[in-house]
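Novice: Handing you a structure now.
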Amino acid sequence: VVAFEDDVVDLAVLHGIGLVGDGIDPAVFCSPHLNALLAQGPEGWRAVRRDLRRALLDPGALPAGALVPLDQARLALPVAVGDFVDGYGGLHHATNMGRILRPDGPPLQPNWRHLPVSYHGRAATVVPSGTPIVRPRGQVMGEDGPHLVPTARLDIELEVGCVVGVGSELGRPVPIDAAADHLFGVVLLNDWSARDVQAFEYQPLGPFLAKSFATSVSHWVVTLDALEPYLVGGLAAAQEPAPLPYLRRLQPALWDLQLEVCLQTAAMRAAGQGPAVLSRTSFAESMYWSAVQQVAHATANGAALRPGDLFGSGTVSGPDDRHQAGSLMELSWGASRPVELPNGETRTFLEDGDTVVLRGGCGGTDQVAPTVALGEVAGTIVPAQG
Ligand code: CA
């Protein structure tokens, strides 16, 4: 399905009457996920998009059942996620985290400007927007040793997720200039994180349970074709030192996306107050590494891509850590600087009943409706179970 104004367009209906995707197997349009369409490759995606635009010139002429009102649709995960790689490509985020966690050392590790530092995440716990987030338990070190406890430092990470379209062959790296042809589109992504669990478990192999309990994504994948007019050089155009040739991309590779983090506490909800904006940031002015570089790097050893693989950008934080950061860890500077909310409440990390909403788009500001909306990804914290 495709979102169109206040409706959901059922591609299976349009394909059935010959309006969309002529020559493509009908099963592609009857699947619960987009993966079969992703596997068609750029020519297939573009043909469907072109046909759809033509069909929607006169939506009144479409048959019954082709359009379903958006508010009557139950939205699900757009793709069956294959492998999930989460990056750490935000310059200000990586710098802030280094300053908070290792105040006596250089903020960036020696590898950081040479490769897009990443780890393999848990695809099975990628959930659609609106899924409740159960406060996870994990080992946290106390004065008398570790305890298995609900996290007291539940955080968010504002990210943009890139969805792989057509896969690649095992043993053959994807050259950076071909990487964009393997990417179908983007989603908003919240990489929920348990900072106290992370602090004890992450050395030397990286995060495990602190990140794997849930990752929320938006319901709609916005195609790279739709975002193409908004490609800019941004921070990635000023990489110094220049990366190795397999990571070098001279063309603009970041989207001029404006993103925001909003929070609604249980008390705000009870009082009828909507989510408050905690942070606003520019993707292009925050990210040092681009999605095409992530793909070139992830396949440099011959690892293969599959349709539906997901690359998280890493937390998107701008230079102002009080107003542009994509995590509470930074906004509260390691819980040393509580964030004040409009109703007088404060937060360092998330409490049960809090709802976090991430939003984003291109071509406008918060004052003007964006030309391309990424929609939103929302999640509400519910108490630890068991
Ligand atoms: Ca992350």
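The values are calculated or read from the model by the stated rules, or taken from the named source; none is laboratory data. Here the structure is a predicted model, which is why all the values come from computation and not from measurement. Cβ sites come from the backbone with ideal geometry, for glycine too, and all protein chains shown count toward neighbours. These area figures cover heavy atoms from the full protein model, side chains too; ligands, DNA and RNA do not enter into them. Shrake-Rupley method; radii C 1.70, N 1.55, O 1.52, S 1.80 Å.
Novice: Normalised by the residues of the range 113-238, what does the relative contact order come to in percent, with Cα pairs under 8 Å and at least six apart?
Specialist: So the answer I get is 29 percent.
Novice: Ordering 282, 193 by accessible area with a probe of 1.4 Å, largest first, what comes out?
Specialist: Descending order: 282, 193.
Novice: Something else now. Kindly state, to the nearest 0.05, the FRET efficiency for residue 108 paired with residue 251, given R0 = 30 Å and r defined as their beta-carbon distance.
Specialist: So, using R0 = 30 Å, E works out to roughly 0.75.
Novice: Using the alpha-carbon centroid of each, what span in Å lies between the range 75-119 and the range 280-319?
Specialist: Result: 9 Å between the Cα centres.
Novice: Once phi is turned into θ = phi - 60°, what whole-Hz ³J(HN,Hα) does the Karplus curve with 6.51, -1.76 and 1.60 give for every residue of the range 289-302, x standing for Gly and Pro?
Specialist: For the range 289-302, the Karplus curve yields 10, 9, 5, 5, 5, 4, 5, 4, 6, 5, 9, 4, 8, x Hz.
Novice: With a ≥ b ≥ c taken as the square roots of the eigenvalues of the C-alpha gyration tensor of the range 103-167, please select rounded if a/c is under 1.5 and otherwise prolate if a/b is larger than b/c or oblate if it is not? Walk me through the numbers before you get to the answer.
Specialist: Details: a/c = 2.43, a/b = 1.13, b/c = 2.15.
Cα axes put the range 103-167 in the oblate bin.
Novice: Simple spin-label model, 7 Å along Cα-to-Cβ: residue 225 to residue 33 in nm?
Specialist: Reported label-point gap for residue 225 and residue 33 is 2.3 nm.
Novice: Moving on. Round to a whole number: what % of the accessible area of the chain belongs to carbon and sulfur, probe 1.4 Å? Don't jump to the answer; show the numbers that get you there.
Specialist: Working: 9600 of 17560 Å².
The computed percentage sits at 55.
Novice: Using a 1.4 Å probe, what is the accessible area per residue for the range 65-192, in Å²?
Specialist: Working: 5900 Å² over 128 residues.
Per residue, the range 65-192 has an accessible area of 46 Å².
Novice: Which residue, 65, 89, 234, tops the fluctuation ranking in a GNM of the chain built on C-alpha contacts under 10 Å?
Specialist: 65
Novice: Right, another one. So for the pair residue 53, residue 141, with labels modelled 7 Å out along Cα→Cβ, what separation do we get in nm?
Specialist: Going from the residue 53 label point to the residue 141 one covers 5.6 nm.
Novice: Please report the accessible area of residue 114 (heavy atoms, 1.4 Å probe, ligands and nucleic acids excluded) in Å², nearest 10.
Specialist: 100 Å²
Novice: Using a Förster distance of 41 Å, how high is the FRET efficiency between residue 68 and residue 323, based on the Cβ-Cβ distance and rounded to 0.05?
Specialist: Calculated value: 0.55.
Novice: Taking only protein heavy atoms and a 1.4 Å probe, what accessible area per residue, in Å², does the range 194-349 have with all protein chains in place? Display every interim value, and only then the final one.
Specialist: Numbers: 6380 Å² over 156 residues.
Result: 41 Å² of accessible area for each residue.
Novice: Apply the Karplus parameterisation 6.51 cos²θ - 1.76 cosθ + 1.60, with θ equal to phi minus 60°, to every residue of the range 16-22 and state each ³J(HN,Hα) to the nearest whole Hz, in sequence, with x for glycine and proline.
Specialist: x, 9, x, 8, 9, x, 4
Novice: I would also like to ask the following. In nm, to one decimal, how far is the residue 3 label point from the residue 75 one, both placed 7 Å along Cα→Cβ?
Specialist: With each label placed 7 Å out from Cα toward Cβ, I get 0.4 nm.
Novice: List the relative contact order of the range 242-386 as a percent without decimals, with contacts defined as Cα pairs under 8 Å and 6+ residues apart. Walk me through the numbers on the way to the answer.
Specialist: On the way: 229 pairs, mean separation 35.8, N = 145.
Normalised by residue count, the contact order of the range 242-386 is 25 percent.
Novice: Sticking with this one: Based on the mean of other Cβ atoms within 10 Å per residue, sort peptides 37-47, 241-251 so the most packed one is first.
Specialist: 37-47, 241-251
Novice: Could you order the peptides 130-140, 195-205, 98-108 from most to least packed, using the average number of other C-beta atoms within 10 Å per residue?
Specialist: My ranking of the peptides, most packed first, is 130-140, 195-205, 98-108.
Novice: Moving on to the next point. What does DSSP give for the chain in terms of the percent of beta bridges that are antiparallel, rounded to the nearest 5?
Specialist: Here the antiparallel bridges make up roughly 90 percent for the chain.
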